[in-house]
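The values are calculated or read from the model by the stated rules, or taken from the named source; none is laboratory data. Owing to the predicted nature of the structure, the values given are computational and were not obtained by experimental measurement. Cβ sites come from the backbone with ideal geometry, for glycine too, and all protein chains shown count toward neighbours. Accessible surface areas use protein heavy atoms only, side chains included; no ligands, DNA or RNA. Shrake-Rupley method; radii C 1.70, N 1.55, O 1.52, S 1.80 Å.
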Amino acid sequence: MSDSQADGPQAMNDSRRPFSYPDSSSDTEEYRRDAEERRKRLSKRNVPNIRGRPAMPPKMPSPNTPTPSTSTQESSRAGKAQYQLTDDRITLVVDNTRFVVDPAQFTAHPNTMLGRMFSSGLEFTHPNERGEYEVAEGISATVFRAILEYYRGGSIRCPPTVSVQELREACDYLLVPFDANTVRCQNLRGLLHELSNEGARRQFESFLERLILPLMVASAQRGDRECHVVVLLDEDSVDWDEQYPPQMGDEYSQTVLSTPLYRFFKYIENRDVAKQVMKERGLKKIRLGVEGYPTYKEKVRKRPGGRAEVIYNYVQRPFIHMSWEKEEAKSRHVDFQCFKSKSVTNLAEATADPAIELEPPRARDADEPPDGPHEVAPDEDAQ
């Protein structure tokens, strides 16, 4: 084999590649092509080609479209907030019993005491050293557990071991409504009794403002310190004789014509409610009862000696008596009865010698001087 045949493939390659000088323009163009291909290879490595398609330049996000990082942050924040709402529970201590509750149940009822306590950022309550809140002092754990059902379902079921009065007092303390819509009780008598007391309280407060208070103001403006009011029916007529008026125990007794108020005082339980309301309003020396009240003159009878006696018709009507002065005012009462006191109020007179009682004065003789009898000094010569 000849040298030309041995070097055949290499000779063919050399014949295909054009020969050029290092400093020629063809060499410069080939160098640029190599650099361009090198850049394309590098760009293909950085941006992967999916399914053989050329890589697209990245799209710039619009200002209204949230970026993936922003949406991820918002979702994580919402998750944290939801976690805090679901796990933000507090512990209440009532009658040495702990109740773990959600304060959101209380804030849903802002008119109750617990709703006010936990709706202002716990400003009015202070936890103990364990981070627990001691509330509802004086209320048993059984009653408080029943009242918690109002915050969860809107109704309270009275336990069999708890009286209706105890449950009502707890509801009044916690400002939870106590009515037929919120309370379920097996003892209907006790439930209706408490509902009657609540209704009587509202009714008497209206009577006090409309009917009784104007009479009390009139007595106060007259200078009196108390007021006596007799409740008459609307059909009662009062006709007294001006010359012979009836003898009344209270000189300044006043009357009010009101059949509803008369019916209200017909029940002893309503009188107890009325007395409690007046005590809460600061009145003193409260008396309620039934007494006879003269309405009109029946006849006039002549008694021996020519003195006339008037007979009046008396009807039994309720009365209410109250005062707006303190009970200590009885010690400042002035008694106008005059009597001679045997006690000695002067300390000097008490320590002095007892007074010498003189003889009673006797009739003066005719030869006595006007100044009365007097002793004559003895004569010194006679001695």
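Take the solvent-accessible surface of the protein heavy atoms, probe 1.4 Å, and return the percent of it on region 134-226 that carbon and sulfur atoms account for. List each step's numbers first, then the result.
Details: 2510 of 5290 Å².
Using a 1.4 Å probe with all protein chains present, region 134-226 comes out at 47 percent carbon and sulfur.
Once amide H atoms are built 1.01 Å from N in the peptide plane, which residues 5 or more positions from Thr255, or in another chain, come under 5 Å H to H?
Those lying under 5 Å, H to H, from Thr255 are Val230.
Relative to the present Cα-Cα distance, how much length would full extension add between Arg301 and Asp224 at 0.36 nm per residue of separation? Provide the component values of the computation, followed by the final result.
Details: separation 77, 0.36 × 77 = 27.72 nm, distance 3.50 nm.
Value of the extension gain: 24.2 nm.
By average Cβ neighbour count within 10 Å, what is the ranking of 197-207, 226-236 from highest down? Mind dumping the intermediate values first?
Values: 197-207: 15.6, 226-236: 18.0.
Result, highest mean Cβ count within 10 Å first: 226-236, 197-207.
Normalized C-alpha radius of gyration of region 85-196, against 2.2 N^0.38 Å?
Working: Rg = 14.3 Å, N = 112, 2.2 N^0.38 = 13.2 Å.
Normalised by 2.2 N^0.38 Å, the Cα Rg of region 85-196 equals 1.08.
May I ask you to evaluate 6.51 cos²θ - 1.76 cosθ + 1.60, the Karplus curve with θ = phi - 60°, for each residue of region 257-266 and list the ³J(HN,Hα) values in order in whole Hz, giving x for glycine and proline?
With the stated coefficients, region 257-266 comes to 8, 7, 5, x, 5, 4, 5, 5, 7, 5 Hz.
Compare Ser119, Ser219 by solvent-accessible area with a 1.4 Å probe and give them largest first, with all protein chains kept in place. Display every interim value, and only then the final one.
Values: Ser119 60, Ser219 0 Å².
Final ranking, largest accessible area leading: Ser119, Ser219.
First select every other residue whose beta carbon is under 13 angstrom from the beta carbon of Glu309; then total the charges, Lys and Arg +1, Asp and Glu -1. Present the calculation step by step, with values, prior to reporting the outcome.
Numbers: positive: Lys297, Lys299, Arg301, Lys302, Arg303, Arg307; negative: Asp241, Glu298.
Neighbourhood net charge equals +4.
How high is the relative contact order of region 104-207? Use alpha-carbon pairs under 8 Å, at least six apart in sequence, and give a whole percent.
Values: 94 pairs, mean separation 22.1, N = 104.
Contact order relative to length: 21 percent.
Using the Karplus curve 6.51 cos²θ - 1.76 cosθ + 1.60 with θ = phi - 60°, work out ³J(HN,Hα) for each residue of region 153-168 in order, rounded to whole Hz, and write x for Gly and Pro.
Values per residue, Gly and Pro as x: x, x, 9, 10, 9, 5, x, x, 8, 10, 6, 5, 5, 5, 5, 5 Hz.
For region 196-305, calculate the relative contact order in percent as a whole number, restricting contacts to Cα pairs under 8 Å that are 6 or more residues apart.
Values: 81 pairs, mean separation 34.8, N = 110.
About 32 percent, as a whole number.
Roughly what percent of Cα-Cα pairs across region 172-321 reach past 26 Å?
41
Which residues' amide hydrogens lie under 5 Å from the amide hydrogen of Val315, considering only partners 5 or more residues apart or on another chain, with H built in the peptide plane?
The answer is Tyr293, Thr295.
Just the number please: accessible area per residue for region 109-203, 1.4 Å probe, all protein chains included, in Å².
Working: 5610 Å² over 95 residues.
Using a 1.4 Å probe on heavy atoms only, each residue of region 109-203 averages 59 Å².
For every other residue with a beta carbon closer than 15 angstrom to the beta carbon of Leu148, add +1 if it is Lys or Arg and -1 if Asp or Glu, then tell me the sum.
Values: positive: Arg89, Arg98, Arg145, Arg152, Arg157, Arg184; negative: Asp95, Asp102, Glu149.
Charge balance in the 15 Å sphere: +3.
For Tyr244 and Glu309, compute 0.36 nm times the residue count separating them, minus their Cα-Cα distance, and round to one decimal in nm.
Values: separation 65, 0.36 × 65 = 23.40 nm, distance 0.81 nm.
Extra length from Tyr244 to Glu309 when fully extended: 22.6 nm.
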